[in-house]
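Below you'll find the structure, written out as structure tokens, and then a few comments.
The values are calculated or read from the model by the stated rules, or taken from the named source; none is laboratory data. These numbers come from a predicted model, not from an experiment. Cβ placement follows ideal geometry from the backbone for every residue including glycine, while neighbour counts extend to all protein chains displayed. For accessibility, only protein heavy atoms count, side chains too; no ligands or nucleic acids. Shrake-Rupley method; radii C 1.70, N 1.55, O 1.52, S 1.80 Å.
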Amino acid sequence: MTSGTVSQAPVQDRTDGASVALSALVVARNEEEALPACLEALGFADEIVVVLDRCTDQSEAVARRYTGRVLAGGWPIEGDRRNAGIDACRGAWIVEVDADEIVSPALAAEIRDVIAASAFDWHSVAIDNYVGDRHVRNGWGAYFGVGSKNILFRKGAKRWGAQRVHPSLDWTGTGGPRLSATLTHRVDRDIFDMVDRLNRYTSERAADMRAEGLNETLGRNLRRFVSRFYKVYIRRKGYREGEWGFLLALMTALYPLLSYLKARLEDGKTGR
């Protein structure tokens with residue numbers, strides 16, 4: 001891992017040396033197009049911390065228009081870079097979002113209310129997932145996307161595992177009720193992006209599987225293909241989304257099978 005350094009001259013920091021109630025954390029890689037909308041919506045936080053992983057575009061220049069607390073470096077392991085961001089946050093509470101996610105004014109107001117009164121250590125938020133302009137409401141909740149996640153937590157309550165993709169989570173404390181407002185997630189721009197993401201994710205998962213010791217079989221992953229498709233398309237009502245729901249179920253089902261095949265058949269490739 002190559003670490004980065006945090007600028008000590010925040011552009012957007014309302015604390016003036018006082019204790020920080022709420023930090024907003026964004027972890028990104030080459031997200032110059034998505035970052036402005038994401039960071040603009042985080043002005044309700046006392047500080048914004050941006051972690052930039054191996055960026056080759058203008059992401060750092062964009063981030064520094066909103067905050068001086070920018071951590072730029074290289075972390076091949078997703079869990080490592082997310083933990084680096086958590087460690088850099090000074091807030092008693094942290095709201096962690098991705099560059100393609102936008103906090104609405106209603107959610108921002110609810111977050112401020114919750115951290116002022118909550119006796120719990122983390123809270124989940126429901127997600128409105130979009131592919132392009134299409135709001136895909138049903139079918140999330142497996143490998144290829146989620147319908148909710150715990151984005152609001154006290155510092156010290158959340159640690160990410162050492163995986164390249166979909167890292168595990170270790171929680172300390174007690175979870176509270178889900179917030180009522182939702183988070184907007186621009187998952188993919190189009191079907192091409194969905195397929196590209198599947199390729200990246202399965203390559204990274206294959207690298208994790210090789211590192212952990214490949215203890216899988218083709219038969220097990222064929223069964224997962226069937227069970228995951230059924231879970232997304234039937235149990236999570238992906239069929240209500242028509243052909244989009246079928247596509248989401250197919251991507252979700254292919255994820256473990258392609259990951260296994262890449263781990264078995266490719267020689268350490270991790271995608272582009």
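Yes/no matrix, rows are residues, columns are (1) over 16 Å from Glu47 (Cα atoms); (2) without any contact (Cβ under 8 Å) to a residue 12 or more places away in the chain; (3) touching a Cys at 6+ places or on another chain (Cβ under 6 Å):
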position	(1), (2), (3)
Ile86	no, no, no
Asp113	yes, yes, no
His135	yes, yes, no
Asn138	yes, no, no
Ser148	yes, no, no
Gly156	yes, no, no
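Of all residues in the range 129-146, those being closer than 22 Å to Ile234 by Cβ and open to solvent by 30 Å² or more (accessible area, probe 1.4 Å) number 6. Screening the range 106-121 for residues that are more than 20 Å from the chain's Cα centre (by Cα) and of a type outside the set (A, V, I, L, M, F, W, C) and picking the one that is nearest to Leu22 (Cα to Cα) gives Arg112. For the range 224-232, the criterion of being within 26 Å of Ile77 (Cα to Cα) and surrounded by fewer than 16 Cβ atoms within 10 Å (Cβ to Cβ) is met by none of the residues. Residues of the range 242-256 that are surrounded by fewer than 22 Cβ atoms within 10 Å (Cβ to Cβ) and touching a Lys or Arg at 6+ places or on another chain (Cβ under 7 Å): Trp244 alone. Among residues of the range 10-27 that are closer than 21 Å to Arg82 by Cα and open to solvent by 40 Å² or more (accessible area, probe 1.4 Å), none has a Cβ under 7 angstrom from a residue that is assigned to a loop (DSSP other than H, G, I, E, B) and at pLDDT below 50 at a sequence gap of 6+ or on a separate chain.
Within the range 84-121, if we keep just the residues that are among the small types (Gly, Ala, Ser) and under 26 Å from Glu33 (Cβ atoms), the residue that is surrounded by the fewest Cβ atoms within 10 Å (Cβ to Cβ) turns out to be Ala106. Just one of (1) open to solvent by less than 10 Å² (accessible area, probe 1.4 Å); (2) under 20 Å from Gln163 (Cβ atoms) fails for Arg81. It is (1). If the condition is being open to solvent by less than 70 Å² (accessible area, probe 1.4 Å) and among the basic types (Lys, Arg), then the range 182-209 contributes Arg197, Arg205. Criterion applied to Gly173, Gly147, Gly161 was being in contact with a strand residue (DSSP E or B) (Cβ under 8 Å, 6 or more places away or on another chain) and at positive phi, and the one residue passing it is Gly173. With respect to (1) in contact with a helix residue (DSSP H, G or I) (Cβ under 9 Å, 6 or more places away or on another chain); (2) open to solvent by 40 Å² or more (accessible area, probe 1.4 Å); (3) modelled with pLDDT of 95 or more; (4) not small (Gly, Ala, Ser), the lone exception for His166 is condition (3).
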